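Structure first, commentary second.
The values are calculated or read from the model by the stated rules, or taken from the named source; none is laboratory data. Because the structure is a prediction, the values reported are computed rather than measured. With ideal geometry, Cβ positions are generated from the backbone for all residues, glycine too; neighbour counts draw on all protein chains shown.
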Amino acid sequence: MSEKHKSIHLLLITVLCFGFAAFGCSSSPSNSTNTTNGTSTQQPTTSAATTPVPSTVPAAENTPSTIQASPATSNATSALESLAGISQPSNPTNIGQSTIGQSTNIEQPTTTAATPAPGSAADWYQKGIASVQQGDVKSAEEFWRKSIELDPKNPEVHANLGVLLQRQGKLEEASSQYREALRLKSDDVETVMKLAMALGQQKKFDESIAQSQTAIRLKPDLAPAHMILAAALSEQGKPDLAIESLKKAQDLWKKQGQTEQAAGVQVQLASLLGKQGKFDEASTQIKQAIAIKPDFAPAHILLAEVALQQNRPQEAITSLQKARDLFKKQKQNDQLAATQMQLAMVLGRQKKYTEASAQAKEVLKLKPDFAPAYLILAEVATVQGNNSEAIANLRKAKDLFKAKGQTDPQLDTQLKLAFALGKEKKIDEAIALSRDAINLKPDFAPSHYVLAIGLAEKGQKNEAIASLQKAKELFTSQGKTQEAQRIEMMLQQLSGKL
């Protein structure tokens with residue numbers, strides 16, 4: 001098995017656990033979720049309409065509330081950046097063998113090829129390689145485009161430019177470059193796999209599957225191609241076919257003596273089995289993988305998620321603590337912080353508030369601007385009856401979300417803050433926050449609901465009824481029948497007091 005194939009496998013170790021979104025595609029801030037007892041529910045549309053203060057430690061945007069958002073996602077995202085295997089034209093040596101969690105490491109060729117003529121296509125390509133070495137992606141892209149202008153028939157330059165574009169999230173342009181590279185050299189299995197992944201990132205799963213199958217036809221014993229195929233099949237909701245492809249990859253790794261890679265596939269199998277509700281089988285797969293590679297932290301995280309689904313919170317806590325310690329030992333601070341957040345939420349759900357708070361504070365030591373950690377501190381303060389501390393932490397979280405342009409979590413936080421201020425009888429500020437939330441996103445029904453509460457507290461019942469009616473109208477139009485029914489009951493109660 002070539003070194004390039006090994007490198008691509010490292011990228012794929014966690015792909016099925018997290019889907020193609022893990023390959024550098026950031027999720028929308030609107031996808032804020034709260035997971036309680038293993039069930040994912042949208043925030044804050046239900047909680048805002050039912051209770052002023054959530055009873056569990058909340059998840060927030062960028063918070064690892066489920067295994068799909070676990071610390072290993074960061075690994076997969078970082079790994080995309082190292083996928084390139086950027087090589088030099090007419091040189092079979094792969095330049096840039098790197099692994100998960102490392103940036104692209106491009107070295108100069110070891111051959112004694114003559115220095116290219118200044119201004120030639122090869123010269124611009126060499127300059128691009130030097131720019132990537134220096135972390136200057138913008139210049140590298142410029143130089144490689146100049147190289148293509150002078151020599152448009154070099155497939156390696158097109159493929160490497162595709163990698164740079166893919167790293168920048170320019171997926172359609174990257175796909176175009178890969179396609180051109182394949183038009184010039186149709187049997188380049190590495191480029192076929194890169195195209196398959198770029199298409200998967202764009203949710204073009206049929207095309208991704210077709211490219212994966214092409215890679216398999218070109219090289220049937222190439223395990224990573226079967227893994228990419230499995231990823232697309234999983235995203236299409238075809239878990240049985242995905243499992244079949246994963247088992248094929250696992251068998252290939254075993255035949256090739258790649259024990260650790262085979263263990264990585266077991267983790268992915270466990271993820272799919274878990275999605276099918278086969279938690280006992282999933283747990284067995286993960287434990288076998290851990291037996292082979294005990295220091296593979298994402299496996300411990302997945303084991304924690306399975307334990308939560310089986311209502312075994314203490315086992316989940318133990319697994320998360322193990323993952324935390326591994327990330328700490330490996331000095332992977334981003335993954336460490338994310339794991340500590342996951343651990344804090346699980347501890348919070350077990351009403352171990354002191355421990356949850358301690359974990360959130362550890363996160364802030366690593367990432368002082370990580371807003372979700374302040375949300376956990378606020379929730380702990382709320383359940384402990386320290387409303388003033390809760391307000392201070394909510395203000396901090398709100399300001400951080402605002403500074404980062406993360407509107408939806410900012411809205412969530414503003415509404416929590418409005419509730420907390422209402423408890424302190426600071427009604428005017430609560431109303432102002434609600435109105436600001438409505439200005440930011442007029443069709444966000446919970447903002448109208450929170451505004452109605454504040455107006456009712458001020459004795460402005462007609463205005464409160466109007467806000468409730470607006471909230472009901474929005475909930476109904478968004479298909480949220482239960483929330484609309486709750487609002488209707490409140491309207492009837494409030495109207496009866498006029």
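Answer yes or no as to whether Q469 is in a helix (DSSP H, G or I) and either modelled with pLDDT under 90 or on the phi > 0 side of the Ramachandran plot (or both). No, not satisfied. Residue count for the range 489-498, restricted to those that are touching a residue at least 12 places away in the same chain (Cβ under 8 Å) and surrounded by fewer than 15 Cβ atoms within 10 Å (Cβ to Cβ): 3. Scanning the range 388-409 for residues that are modelled with pLDDT under 95 and touching a Lys or Arg at 6+ places or on another chain (Cβ under 8 Å) returns T407, D408.
Taking the criterion of being buried (at least 22 other Cβ atoms within 10 Å of the Cβ) and either in contact with a Ser or Thr (Cβ under 7 Å, 6 or more places away or on another chain) or not in a helix (DSSP H, G or I) (or both), the residues of the range 183-219 that qualify are V192, L195, A196, A198, L199, G200.
The C-beta contact set for the range 251-278 (first residue more than 27 Å from Q310 (Cα to Cα), second residue hydroxyl-bearing (S, T, Y), distance under 8 angstrom, 6+ apart or interchain) comprises W253/T259. Kindly indicate whether any position in the range 272-282 is touching a Pro at 6+ places or on another chain (Cβ under 8 Å), not charged (D, E, K, R) and not in a helix (DSSP H, G or I). Yes, some residue in the range 272-282 is touching a Pro at 6+ places or on another chain (Cβ under 8 Å), not charged (D, E, K, R) and not in a helix (DSSP H, G or I).
The single residue among E180, E149 that is surrounded by 19 or more Cβ atoms within 10 Å (Cβ to Cβ), modelled with pLDDT of 95 or more and over 27 Å from the mean Cα position of the chain (by Cα) turns out to be E180. Scoring R179 on the criteria (1) in a helix (DSSP H, G or I); (2) closer than 24 Å to D136 by Cα leaves a single failure, condition (2). Candidates are the residues of the range 439-484 that are in contact with a Gly (Cβ under 9 Å, 6 or more places away or on another chain) and among the aliphatic types (A, V, I, L, M); the one that is farthest from K402 (Cα to Cα) is A464. Whenever a residue of the range 434-449 is touching a residue at least 24 places away in the same chain (Cβ under 8 Å), its partners that are assigned to a loop (DSSP other than H, G, I, E, B), lying with C-beta atoms within less than 6 angstrom and at least six residues away or across chains, give the pairs P446/P44; P446/T45; P446/A48; Y449/A48; Y449/A49. Summed over the range 119-134, residues that are more than 17 Å from P152 (Cα to Cα) and either in contact with a Leu (Cβ under 8 Å, 6 or more places away or on another chain) or not in a helix (DSSP H, G or I) (or both) total 2.
Of the numbered criteria (1) more than 21 Å from T407 (Cα to Cα); (2) in contact (Cβ under 8 Å) with a residue 40 or more places away in the chain; (3) surrounded by fewer than 24 Cβ atoms within 10 Å (Cβ to Cβ), the one V380 fails is (3).
Restricting attention to the range 345-372, the residues that are within 21 Å of the chain's Cα centre (by Cα), β-branched (V, I, T) and either part of a loop (DSSP other than H, G, I, E, B) or closer than 18 Å to A390 by Cβ (or both) total 1. In the range 383-434, the qualifying residues are those that are under 29 Å from the mean Cα position of the chain (by Cα), among the acidic types (D, E) and surrounded by fewer than 21 Cβ atoms within 10 Å (Cβ to Cβ), and the one that is nearest to A371 (Cα to Cα) is D399. Among all residues of the range 397-407, there is none that is part of a helix (DSSP H, G or I), aliphatic (A, V, I, L, M) and under 17 Å from L451 (Cβ atoms).
Only a single item in (1) more than 30 Å from Y449 (Cβ to Cβ); (2) among the charged types (D, E, K, R); (3) in contact with a Phe, Trp or Tyr (Cβ under 7 Å, 6 or more places away or on another chain) is not met by E305, and it is number (3). Report every pair of residues separated by at least 6 positions or lying on different chains whose Cβ atoms are under 6 Å apart, first residue within the range 115-139 and crowded, with 18+ Cβ neighbours inside 10 Å, second among the basic types (K, R). Partner pairs satisfying both residue conditions: W124/K146. Taking the numbered list (1) touching a helix residue (DSSP H, G or I) at 6+ places or on another chain (Cβ under 7 Å); (2) under 22 Å from D325 (Cβ atoms); (3) surrounded by fewer than 20 Cβ atoms within 10 Å (Cβ to Cβ) in turn, S357 passes all entries but (3). Being part of a helix (DSSP H, G or I) and within 30 Å of G459 (Cα to Cα) is a property that D325 lacks.
Against the condition closer than 29 Å to L415 by Cβ, in contact with an Asp or Glu (Cβ under 6 Å, 6 or more places away or on another chain) and not small (G, A, S), how does L366 come out, does it pass?
No, not satisfied.
Each residue in the range 322-348 was checked for being surrounded by fewer than 18 Cβ atoms within 10 Å (Cβ to Cβ) and farther than 27 Å from K404 by Cα, and 3 of them qualify.
Tell me, please, whether a residue that is over 20 Å from the mean Cα position of the chain (by Cα) and within 30 Å of N311 (Cα to Cα) can be found in the range 204-214. Scanning the range 204-214, I find no residue that is over 20 Å from the mean Cα position of the chain (by Cα) and within 30 Å of N311 (Cα to Cα), so the answer is no.
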